[in-house]
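Below you'll find the structure, written out as structure tokens, and then a few comments.
The values are calculated or read from the model by the stated rules, or taken from the named source; none is laboratory data. None of these values were measured; they are calculated from a predicted model. Cβ: placed from backbone, ideal geometry, glycine included. Neighbour counts: every protein chain shown. Side chains are part of the model used for accessible areas, which takes the heavy atoms of the whole protein and leaves out ligands, DNA and RNA. Shrake-Rupley method; radii C 1.70, N 1.55, O 1.52, S 1.80 Å.
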Amino acid sequence: MLAGKRIVLGVTGGIAAYKAVEVCRRLVDAGAHVVPVMTAGAEHFIGRTTLSALASEPVQTSLWNEASPIPHTRLGQTADLIVVAPATARLLAAYAAGLSTDLLTNTLLATRAPVVVCPAMHTEMWEHPAVQANIATLRSRGVHVVEPESGRLAGGDVGAGRLAAPDVIVGAIEAVLADGPWVGQHVVVSAGGTREPIDAVRVIANRSSGKQGYAIAAEAAARGAKVTLVSTVDLPVPAGVQVRPVETAAQMQAALQELAPTAQLVVMAAAVADFRPVQAAAGKLKKDLGVPQIVLEPTPDILAGLGAVKPQGQILVGFAAETDDLVANAQSKLQRKRLDLIVANDVGAPGVGFQHDTNAVTLLRADGQSSSVELTDKRSIAKVVLDTVNEIRGATHNTAT
Ligand code: PMT
């Protein structure tokens with residue numbers, strides 16, 4: 001996606017400038033040609049040498065370069081994308097007003113390439129009407145804005161304004177540059193374990209961290225899909241992904257029943273409780289009253305429900321968390337829940353499934369084809385799942401024509 005793309009990385013003067021170094025490294029690792037441009041302010045925070053060493057070319061800082069007298073137009077004209085991270089209030093104001101005050105603002109005004117700005121500043125500045133008006137102006141002109149996060153800021157303040165994480169910024173760049181079959185598709189993913197209340201403070205839960213579901217959502221968004229993530233956990237939200245927070249199986253079912261009918265792909269990576277207390281106690285159960293008798297009932301099978309009403313052309317993917325008879329159990333779930341694909345993981349194996357950063361899976365398709373992926377990171381598993389969905393679509397299309 002990024003291989004061979006020429007990306008101008010603009011860095012302005014904020015404490016978050018050090019994170020631009022990591023953004024630069026990730027873009028270069030992904031095969032992009034990164035042309036760094038620093039403002040005078042940025043040089044107060046990071047050295048030119050650091051960025052020059054990691055980028056594809058030495059840092060440029062000035063309009064007045066005798067060896068190449070027209071760099072401001074060349075950089076903008078030849079870029080596939082320009083990203084500014086961090087973008088200060090001054091840069092946003094100059095860009096919105098069309099002021100060319102330095103090499104970076106010149107480059108931004110002299111380009112027809114897509115532009116991604118990643119603001120970072122103190123909360124008061126970020127929330128100032130002037131800054132918000134400039135953001136609105138830039139958005140209305142098609143500029144992509146990677147919203148700052150909330151968190152700890154320079155000087156110990158806490159609030160909105162912290163530069164988005166490097167992987168979120170790179171994800172946003174990938175999504176803007178994406179082309180191919182995923183662009184504009186609606187993908188719905190579920191992630192995390194449901195929590196079923198026993199009383200006001202206790203729940204029946206499971207070990208799902210949500211990492212596998214979030215990896216699938218991030219990969220689909222990076223490929224240009226419009227992604228909704230129905231989630232029970234609070235992980236950093238990948239760029240371009242909308243999160244629908246839920247807690248119980250009933251809430252997850254309601255969200256999926258609402259979202260799935262318009263989705264081209266639904267991936268159920270969440271670990272849904274199979275049983276829940278028939279009735280949650282209103283207050284906290286008192287220990288002094290002895291061991292409570294908690295009566296359980298089955299939760300709805302969300303995936304089977306989606307399989308029963310699957311719209312024409314939608315691909316429905318389930319996961320199977322197994323500790324024995326992996327293939328036989330997963331095959332039975334594939335058929336019973338009317339899925340197009342099931343991703344089976346042996347959650348008793350080292351490094352596989354719940355909470356790990358890694359996973360190993362066997363993919364079983366409704367058309368009888370199967371494949372396996374050895375232990376690898378969850379993002380790589382996500383890539384294989386989406387590639388397999390593409391293959392299923394291709395096979396279905398060929399059969400239909
Ligand atoms: O979240 P992580 O820590 O990254 O871990 C990833 C994972 C292990 C949770 C993930 O890889 C995984 O296996 N998810 C499915 C877990 C599970 O509930 O499997 P199951 O075999 O019990 O259910 C089969 C399928 O039916 C699943 O897609 C599940 O979401 C769905 N289901 C199950 C029960 C239920 N009441 N409704 C459902 O929709």
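What shape does region 1-130 take by its C-alpha gyration tensor, where a ≥ b ≥ c are the square roots of the eigenvalues and a/c under 1.5 counts as rounded, a/b above b/c as prolate, and the rest as oblate?
Since a/c stays below 1.5, the shape of region 1-130 is classed as rounded.
How big is the Kirkwood radius of the chain, worked out from every pair of different alpha carbons and given in Å to one decimal?
It works out to 23.3 Å.
Modelled label-to-label distance, ASP387 and SER52, 7 Å Cα→beta-carbon offset: nm?
3.9 nm
Largest first, how would VAL389, VAL183, VAL272 line up by accessible area (1.4 Å probe)?
These residues rank, largest area first, as VAL183, VAL272, VAL389.
Please check: in the Gaussian network model of the chain (C-alpha springs, under 10 Å), which one of PRO148, PRO166, PRO181 has the largest mean-square fluctuation.
PRO181
Before anything else, pin down the relative contact order of the chain: Cα pairs under 8 Å, at least 6 apart, normalised by residue count, whole percent.
Working: 867 pairs, mean separation 41.3, N = 401.
Once normalised by length, the contact order is 10 percent.
Run through the DSSP bridge list for region 186-400 and note the antiparallel percent, rounded to the nearest 5.
On the way: 16 of 42 bridges.
That works out to approximately 40 percent antiparallel.
Who wins for biggest fluctuation among GLY213, GLY171, GLY305 in a Gaussian network model of the chain, springs between alpha carbons below 10 Å?
Top of the fluctuation ranking is GLY305.
Tabulate in residue order the Karplus-calculated ³J(HN,Hα) for region 131-141, using 6.51 cos²θ - 1.76 cosθ + 1.60 with θ = phi - 60°, rounded to whole Hz; enter x for Gly and Pro.
Along region 131-141, the couplings run 5, 5, 5, 5, 4, 4, 4, 5, 4, 5, 9 Hz.
Please state the charge dipole magnitude for the chain, taken about the Cα centre, from unit charges on C-beta atoms (+1 on K and R, -1 on D and E), reported in debye and rounded to the nearest 20. Don't skip to the answer; put the middle values down first.
Numbers: 34 positive and 36 negative charges, 93 e Å.
That gives a dipole near 440 debye.
Give me the extension gain from MET125 to LEU296: residue separation times 0.36 nm, minus the current Cα-Cα distance, reported in nm with one decimal. Can you show the working numbers first?
Values: separation 171, 0.36 × 171 = 61.56 nm, distance 5.16 nm.
The MET125-LEU296 span can extend by a further 56.4 nm.
Setting aside same-chain residues fewer than 8 positions from LYS333, which lysines have a Cα under 17 Å from its Cα?
Of all the lysines, those that pass the test against LYS333 - Cα under 17 Å, at least 8 places apart if same chain - are LYS310.
Among PRO129, GLY142, ALA178, whose Cα lies farthest out toward the positive end of the dipole of region 119-217, if unit charges sit on the beta carbon of Lys, Arg (+1) and Asp, Glu (-1)?
Positive-end residue among those listed: ALA178.
At R0 = 45 Å, how high is the FRET efficiency between GLN355 and VAL183 if r is their beta carbon distance? Nearest 0.05 is fine.
0.85
Would you mind pulling out the separation of the Cα centroids of region 1-41 and region 88-152, in Å?
About 16 Å separates the Cα centre of region 1-41 from the one of region 88-152.
Convex hull volume of the Cα atoms in region 231-373, per residue, in Å³?
About 169 Å³ per residue, rounded to a whole number.
Run the numbers for ALA3 and SER372: contour at 0.36 nm per residue of separation, minus the present Cα-Cα distance, in nm.
130.2 nm
Out of ALA255, SER332, GLN312, whose Cα points farthest toward the positive end of the dipole of region 186-400 (charges: +1 Lys, Arg; -1 Asp, Glu; placed on Cβ)?
Selected residue: ALA255.
In the neighborhood of HIS33, defined by Cβ-to-Cβ distances under 11 Å, what is the net charge if each Lys or Arg adds +1 and each Asp or Glu adds -1?
On the way: positive: LYS5, ARG6; negative: GLU57, ASP80.
Overall, the nearby charge balance is 0.
Using label points projected 7 Å from each Cα along Cα→Cβ, tell me how many nm separate ALA308 and GLU149, to one decimal.
Simple spin-label model gives 4.1 nm for this pair.
Rounded to the nearest 10 Å², what accessible area does HIS128 have for a 1.4 Å probe in the complete protein model?
Taking all protein chains as shown, HIS128 has close to 100 Å².
Using modelled amide H (1.01 Å from N, peptide plane; none on Pro or chain starts), what sits under 5 Å from the amide H of PHE319, excluding residues fewer than 5 places away?
MET268, VAL343
Below 14 angstrom from the Cβ of LEU108, what's the summed charge of the other residues (Lys, Arg +1; Asp, Glu -1)?
On the way: positive: ARG74, ARG90, ARG112, ARG141; negative: ASP102.
Its environment carries a net charge of +3.
Have a look at ILE381, ILE173, ILE294 and tell me which one the Gaussian network model of the chain (Cα, springs below 10 Å) gives the largest fluctuation.
Comparing ILE381, ILE173, ILE294 in the GNM, the peak value goes to ILE294.
Give the residue list of chymotrypsin sites (Phe, Trp or Tyr not before Pro) in region 40-139 that are DSSP loop and have at most 16 other beta-carbon atoms within 10 angstrom.
Counting only loop positions with at most 16 other Cβ atoms within 10 Å, the chymotrypsin sites (Phe, Trp or Tyr not before Pro) in region 40-139 are TRP64.
Let me know the shape class of region 76-193, please: from the alpha-carbon gyration tensor, a ≥ b ≥ c as square roots of the eigenvalues, rounded when a/c is under 1.5, otherwise prolate if a/b is greater than b/c, or oblate.
Oblate, since a/c reaches 1.5 and b/c is not below a/b.
How much of the accessible area of the chain, in percent, comes from carbon and sulfur atoms when a 1.4 Å probe is used? Mind dumping the intermediate values first?
Details: 9900 of 18720 Å².
The value for the chain is 53 percent carbon and sulfur by accessible area.
Hey, with R₀ at 41 Å, roughly what FRET efficiency would ALA205 and ASP29 work out to, going by the Cβ-Cβ distance, to 0.05? Intermediate results must be reported in sequence, preceding the final value.
Values: r = 37 Å, r/R0 = 0.89.
E between ALA205 and ASP29, to the nearest 0.05, is 0.65.
With a Förster radius of 41 Å, plug the Cβ-Cβ distance of LYS287 and GLU43 into 1/(1 + (r/R0)^6) and report the FRET value to the nearest 0.05.
Taking R0 as 41 Å, the efficiency between LYS287 and GLU43 is 0.10.
From the helices alone, meaning DSSP H stretches of at least four residues, give me the mean residue ellipticity at 222 nm for the chain, per-run term -39500 (n - 2.57), in deg cm²/dmol to the nearest 500.
-10000 deg cm²/dmol
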